[in-house]
Amino acid sequence: MLSWQPWTWKFFRAILPAACCAHVPIAFWTVPLAFAVDSVTAIAGDRSDFPTDHPPLIQQIGIGGYWKLGHTCRVRLELSSSLRERAASVEIATIDGDGVEVVYSRSLEKTHSGPIELLVKIGRRQSLISAAVKDGDGQQIARQDRLLANNEGLDATQPMFLAVGSAMGVDQLSRTNTAGDRASLTVVLVQQADDLPRHWIELQAFDLMVISTASPSLLDNMDQDQWSALDEWVRRGGGCVLSLSNDNWPLQKLDLLTQWLPGRPMGTELIRNPASLESLVATDQPLQPFPCCQFQELTGQVKLSLADSLGQRVAWWTSQLHGRGLVQTIASDLDHPSFAQWKHRRLLWEKLVAAYWDPLRTTIEPKTAGSGTSSFIGYTDISGQLSATLEQFPNVRTVGFSQIALLLVLFLALIGPVDYWISVVWLKRPHHSWLIAGVMGLATCGALVAYHRTIRPDQIIVNTARVVDVDAQTGRMDGHLWSHVYSSRARQIDVHANFPTQPNDCMLDWQGLPGNGLGGLESQMQLDRAMPAYSVRGQHERLPPMVSGVGVPAAGTKRFYAAWTEAITPEQQSSLREMPGLDQLEGEVVNPLSGDLRDTFLLYHRWIYPLKGRMPAGDRAVLSAQIIPRDLERRLNRRQEIDGKLTSARWDPAERGQLDRVLELMMFHRAASGQNYTSLTHRYQPILDSSNLMESNCAVLLGRLDDAHPKIGIKLHHSDQPVPTQVGSDFSWCRIFIPVDVSHKRSGNG
């Protein structure tokens, strides 16, 4: 009589060892998590050293209390005199976009007085933010835990303007949803100098800056760091609308503000007939007379001029290039009673902000699950497509459900019919069934382990994308870097940015993913509760930036973002001028870098000039009237003529294999018809979009860099042991901004 156990029992007994092994990584992270939770609880409960007369440590988060998820914001701390005598450092603990605790710290000097500010990133709403004060021995002497409310923190892609001095009516552009709890635009009004940022990275969350010179006390109280922060942000590609008051004293006193102007102020004139302005906004209400500032030695691009009392044309709305940013100067105070009482001032603001924000395309109603493009790709912003593209690692393959089902069927066939045929029919040894099934189970486990190693390489893999911007006149180089780090097994690593020379300014932090998809900043899922806390350094002490102790889960990734500034010395300068009446270029284009550029193009206004496949360092290309440029939008949209009709190549937001195209569209999103073409917004890091420069007197030399810096370096945490690292995809676009001589053009537009 045959005696052998059912296949089900043999199946579970065979896979039991593999199941136990699969839970080892979970146990690896769970034990430290339990210890960390107990430690935090014990410290938080010990308040014996907390001064009884001390107010709450955390005084303010963000600028004017406003901040965005996934963007760098300021946390202001206030220490009492008793705490300040003992304090050596302060720490802020938040959580990142994956729900993992991240710690930002700052050392204190004995001479430091006043509030203490730290730059942090907050990744989730309704999370805990903790402030701690430590003495010279590293012992905690004070702490505050604050639970963020659900209404604190704006969405990562919420449009936001910074109004310095006065909003001047720009807040009239904002609309609310039907429930009245969401606005299409957030305007942050700053009327005290202390509320202004002291580092440009705080302004990266803003789409536009509006400054009124009618607040002399505010402008006079701003320190050099605050002016430098505003200037730095504009130079990196930010936008500013500058409204001038009747009194010119702030312009004469503030040298840095004078650099933003399109010319030298020389007094004011009264505009009695603003017919051109009324026609611009198509209004039926006449605008009352108002004063207007006049300029000498005008260098900016005049977008609207008005007639003064003598009938002469006065530049009223000008656009001035400042670095890679545009400063739009309005030669009048938009808070003047003539404008404040004008019912169509909102229509004027729609014209002024059109290059930075389109109120008609802003969605303020919450999206329901399963609607729109995000229902299957998990994001609605083009930065999400960049993140998804960088998640594609070479030699790393996923196992689908059909493959798992097939493996289970084959394994059941082995320990079932095959085992029966071998042990009973062929060998006629039924009692060998357990031995044969065990051997088959071990062989299957070994085969799965070997297969796992082929689809999950043991070394760490790093995918990197960069956008490097160079000012050809000054030699200033600014860069943005995105890196995704993959590890096949759970590791705790240190991440740093390697530069050939120390940059002037550099920051490195975690990168967020806008949206409510898996791992998104608006997601309510806590994916990495078992990950250890890590720290970010170099934001305040000007140390080389490093993210220390970050945990990467098994077969998981971690996202990082870096921004930096360097200075280069261009050996040769390009010489470009616009041909009269043709809106096209002639002259010479020079590669000012020390490395080669590949697949080079020159962009100017709506034209693109294909250059050379490779431009070595110092190489030049000559432009003449015989070179016919192509339409820029046609290139960006990949338009082709088929059967006499122009057809654009459809953009697929779910595409994962075109890293160069994703970066290209991030650099010139509006020029490519923006959301109309990609069906994705560009609101998380809009400062990358240089489409506004296509209307300025600036040409852009675009090319690929073969060997760009910085490189992301990785080592094991608390160890000098080298980590086997493989470079996956590494792609860099370089934009070189070249001024164009347009001296033949006449000022004014009539």
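The values are calculated or read from the model by the stated rules, or taken from the named source; none is laboratory data. No experiment lies behind these values; they were computed from the predicted model shown. Here Cβ is always computed from backbone atoms with ideal geometry, including for glycine, and neighbour counts include all displayed protein chains. Surface accessibility is based on the protein's heavy atoms, side chains included, excluding ligands, DNA and RNA. Shrake-Rupley method; radii C 1.70, N 1.55, O 1.52, S 1.80 Å.
Listed by position, the helices (runs of 4 or more DSSP H) inside segment 360-414 whose residues that are surrounded by 10 or more Cβ atoms within 10 Å (Cβ to Cβ) and modelled with pLDDT of 80 or more number at least 1 are 382-390, 401-413. Just one of the numbered conditions (1) surrounded by fewer than 19 Cβ atoms within 10 Å (Cβ to Cβ); (2) part of a loop (DSSP other than H, G, I, E, B); (3) at pLDDT 85 or above is not true of Leu521: (1).
Out of the residues in segment 541-582 meeting the condition of being outside any loop (DSSP other than H, G, I, E, B), open to solvent by 40 Å² or more (accessible area, probe 1.4 Å) and of a type outside the set (S, T, N, Q), tell me which one is nearest to Leu688 (Cα to Cα).
Step one: filter segment 541-582 for residues outside any loop (DSSP other than H, G, I, E, B), giving 546-552, 556-567, 575-579.
Then drop every residue that is not open to solvent by 40 Å² or more (accessible area, probe 1.4 Å), which leaves 567, 575, 577.
Still in the running and of a type outside the set (S, T, N, Q): 567, 577.
Details: Ala567: 19, Arg577: 26 Å.
Residue satisfying both the conditions and the ranking: Ala567.
Among the residues of segment 264-318, the ones that are in contact with a helix residue (DSSP H, G or I) (Cβ under 8 Å, 6 or more places away or on another chain), at pLDDT 85 or above and hydroxyl-bearing (Ser, Thr, Tyr) come to 1 in all.
Only a single item in (1) touching a strand residue (DSSP E or B) at 6+ places or on another chain (Cβ under 7 Å); (2) open to solvent by 30 Å² or more (accessible area, probe 1.4 Å); (3) not in a strand (DSSP E or B) is not met by Met266, and it is number (3). Taken over segment 68-111, residues that are touching a strand residue (DSSP E or B) at 6+ places or on another chain (Cβ under 9 Å) and either at positive phi or among the β-branched types (Val, Ile, Thr) (or both) amount to 10.
Do you know which of the residues in segment 115-134 that are open to solvent by 30 Å² or more (accessible area, probe 1.4 Å) and not aliphatic (A, V, I, L, M) is farthest from the chain's Cα centre (by Cα)? Per the criteria, the residue is Lys134.
Cβ-Cβ distances below 6 Å connect the following pairs, each with a first residue in segment 422-449 that is closer than 17 Å to Leu407 by Cβ, a second residue that is in a helix (DSSP H, G or I) and open to solvent by less than 70 Å² (accessible area, probe 1.4 Å), and a separation of six or more residues or different chains: Ala437/Lys10; Ala437/Ile415; Ala437/Asp419; Met440/Leu414; Met440/Ile415; Gly441/Ala14; Thr444/Phe411; Cys445/Ala18.
Quick one: would you say Gln140 is within 19 Å of Trp227 (Cα to Cα) and surrounded by fewer than 20 Cβ atoms within 10 Å (Cβ to Cβ)? Answer is no for this residue.
Of the residues in segment 182-201, at least one is aromatic (Phe, Trp, Tyr) and more than 23 Å from Lys343 (Cα to Cα).
Here is a yes/no grid of residues against (1) at pLDDT 90 or above; (2) touching a helix residue (DSSP H, G or I) at 6+ places or on another chain (Cβ under 7 Å); (3) buried (at least 21 other Cβ atoms within 10 Å of the Cβ):
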residue	(1), (2), (3)
Ser215	no, no, no
Asp220	no, no, no
Gln224	no, no, no
Glu232	yes, yes, no
Val241	yes, yes, yes
Asn246	no, no, no
Leu254	no, yes, no
Pro262	no, no, yes
